[in-house]
Amino acid sequence: MIEIGAQVDLSHPPDRVWLALTDRQLLGRWFADAETVEGVPDRLLLHTAGLPGFEANVEVEVTERREPELLVLACDEAGRLSELTCAVTATKQGCRLEMREVTTHGAWSAEQHEPREQQLRQALTVRLPAILDWLAFQQVDLRRGDGGMTAELPLVGASGGPARRRRRRRQVAAALVGVVAVGGVAAWVALPAGSEQRAAPPSAPSPLPSATPVEVAATSRPTTSVRPSRTAASPTARPSRSPSAKPSPTLTSAPPPPPPLTASYDTDSSRLFGYTGEVVLANPAATAVDGWVVVVSLADGSTVDDVDGADWRQNGRSVTFTGAAVPAGGSQTFRFDVRDNRPKAREPETCTVDGNPCAGL
């Protein structure tokens with residue numbers, strides 16, 4: 001008796017794994033095409049000829065079935081008989097699938113054994129998880145309480161923190177508007193005073209030399225009350241230049257704003273229907289930066305499954321990330337898992353930090 005086997009831990013509920021094991025179309029996508037045997041309703045013919053470790057097609061018949069836990073098949077490969085057992089065990093993360101094949105008549109050659117086992121392991125660890133991911137998207141399984149990472153496709157992450165930060169930013173923005181408004185009023189008060197001084201005529205004594213003695217004599221009585229008023233007004237007008245000019249240097253000497261945060265995107269890992277993205281925030285300023293916002297745009301139908309290092313929420317294609325303050329001269333990194341229904345997708349469509357594009361996209 002010769003035995004080969006493999007097992008894999010899957011982040012899917014047992015019912016979905018059972019469907020992939022028993023549905024002919026799904027079975028053909030991750031293992032081998034199958035068709036019914038004419039005249040025998042309980043048998044299937046697997047087109048395995050040409051696969052590594054197989055010399056011919058395999059005819060299978062179900063001998064034991066306990067949904068969704070156990071499936072036992074009697075296999076016939078050109079007269080070589082074997083028994084294939086598929087056991088599904090529920091776990092906290094999803095389930096564990098174990099497949100074991102034992103010969104009951106005949107034996108595999110040494111050249112067949114290793115390639116056949118490798119073929120089984122690759123089917124379980126690579127192609128089957130990809131088909132299960134695809135099936136999860138097709139089912140849009142939003143039922144609660146079934147367990148497993150894909151029993152629910154979360155659309156909204158942690159809340160509360162981002163709203164508080166937005167309120168804080170609105171308060172800061174209002175304070176800045178108030179400062180600018182006060183500065184504008186100070187400048188408006190100062191400008192008219194200067195313009196009146198430039199438009200004022202020369203000092204009162206300048207026309208006196210051109211007046212004749214007769215004119216002086218004739219006008220001395222009525223103008224005695226006017227001329228002192230001019231001389232009395234000029235001292236009050238002249239000092240107004242110095243107070244109005246002094247506030248202007250304080251408006252132009254404000255310190256420059258700190259440099260903005262920068263962000264770079266990189267795909268940490270990928271799979272057939274999804275990938276793990278990584279964003280690194282860098283703070284070149286001399287003070288810590290709080291209240292940053294990174295927005296990532298995904299393809300239609302894609303969802304974020306898990307996030308490490310940031311708070312997040314998803315609204316349609318847009319995913320918003322927030323987190324702790326980035327220290328002065330330091331950096332901060334967060335990662336997020338994406339389930340993407342595009343085969344071999346590797347990255348989101350866009351990424352911005354506080355409205356500025358992320359490097360790497």
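Observations on the model:
- Residues (under 20 Å from P259 (Cα atoms) and touching a Leu at 6+ places or on another chain (Cβ under 9 Å)) located in the range 345-360: C351, V353, D354, N356
- The range 321-341 - residue that is without any contact (Cβ under 8 Å) to a residue 60 or more places away in the chain and not in a strand (DSSP E or B) and, of those, least open to solvent (accessible area, probe 1.4 Å): G323
- Test result for D290, touching a residue at least 60 places away in the same chain (Cβ under 8 Å) and over 17 Å from the mean Cα position of the chain (by Cα): yes
- Applying a threshold of 8 Å to beta carbon distances and a minimum spacing of six or more residues, or different chains, the list of pairs starting in the range 91-110 at a residue that is in contact (Cβ under 8 Å) with a residue 24 or more places away in the chain and over 18 Å from G5 (Cβ atoms) and ending at one that is open to solvent by 50 Å² or more (accessible area, probe 1.4 Å) and acidic (D, E) reads T91/D9; Q93/D9; G94/D9.
- Scoring E101 on the criteria (1) closer than 20 Å to Q122 by Cα; (2) under 42 Å from the mean Cα position of the chain (by Cα); (3) of a type in the set (D, E) leaves a single failure, condition (2).
- Qualifying residue in the range 295-313 (condition: over 30 Å from W134 (Cβ atoms), at pLDDT below 90 and among the charged types (D, E, K, R)): no
- Against the list (1) under 24 Å from L272 (Cβ atoms); (2) open to solvent by 50 Å² or more (accessible area, probe 1.4 Å); (3) not β-branched (V, I, T), the condition Q119 fails is (2).
- Exclusive hit being assigned to a helix (DSSP H, G or I), basic (K, R) and open to solvent by 10 Å² or more (accessible area, probe 1.4 Å), set R127, R100, R96: R127
- Test set (1) modelled with pLDDT of 90 or more; (2) in a helix (DSSP H, G or I); (3) open to solvent by 20 Å² or more (accessible area, probe 1.4 Å) - E59 fails condition number: (2)
- Among all positions in the range 342-359, there is no residue which is assigned to a strand (DSSP E or B), touching an Asp or Glu at 6+ places or on another chain (Cβ under 8 Å) and either touching a residue at least 40 places away in the same chain (Cβ under 8 Å) or open to solvent by 60 Å² or more (accessible area, probe 1.4 Å) (or both).
- Considering the conditions (1) farther than 30 Å from R339 by Cα; (2) touching a residue at least 12 places away in the same chain (Cβ under 8 Å); (3) of a type in the set (A, V, I, L, M); (4) loosely packed, with under 15 Cβ neighbours inside 10 Å, L70 is excluded by exactly one of them, (1).
- Looking only at the range 24-68, and only at residues there that are under 30 Å from L272 (Cα atoms) and β-branched (V, I, T), the one that is nearest to the chain's Cα centre (by Cα): T48
- Selected residue (criterion: surrounded by the fewest Cβ atoms within 10 Å (Cβ to Cβ)) from residues of the range 82-93 that are of a type in the set (G, A, S) and out of contact with any helix residue (DSSP H, G or I) (no Cβ under 9 Å at 6 or more places or on another chain): A87
- Filter result for the condition that a residue is surrounded by 18 or more Cβ atoms within 10 Å (Cβ to Cβ) and on the phi > 0 side of the Ramachandran plot, over G53, G79: G53
- Candidate set: the range 130-161, residues that are part of a helix (DSSP H, G or I) and modelled with pLDDT under 75; chosen: the one nearest to A90 (Cα to Cα): Q139
- Residue in the range 1-23 that is nearest to Q139 (Cα to Cα), counting only those that are over 37 Å from the mean Cα position of the chain (by Cα) and not in a strand (DSSP E or B): I2
- Residue match in the range 36-45 (condition: touching a helix residue (DSSP H, G or I) at 6+ places or on another chain (Cβ under 9 Å), exposed (fewer than 15 other Cβ atoms within 10 Å of the Cβ) and assigned to a strand (DSSP E or B)): yes
- For the range 269-320, filtered to residues that are open to solvent by 60 Å² or more (accessible area, probe 1.4 Å) and of a type in the set (A, V, I, L, M), the residue that is nearest to V338 (Cα to Cα) is L272.
The values are calculated or read from the model by the stated rules, or taken from the named source; none is laboratory data. Remember, it's a predicted structure, so these values are computed and weren't measured experimentally. Every residue, glycine among them, receives a Cβ derived from its backbone with ideal geometry; neighbour counts consider all protein chains shown. For accessibility, only protein heavy atoms count, side chains too; no ligands or nucleic acids. Shrake-Rupley method; radii C 1.70, N 1.55, O 1.52, S 1.80 Å.
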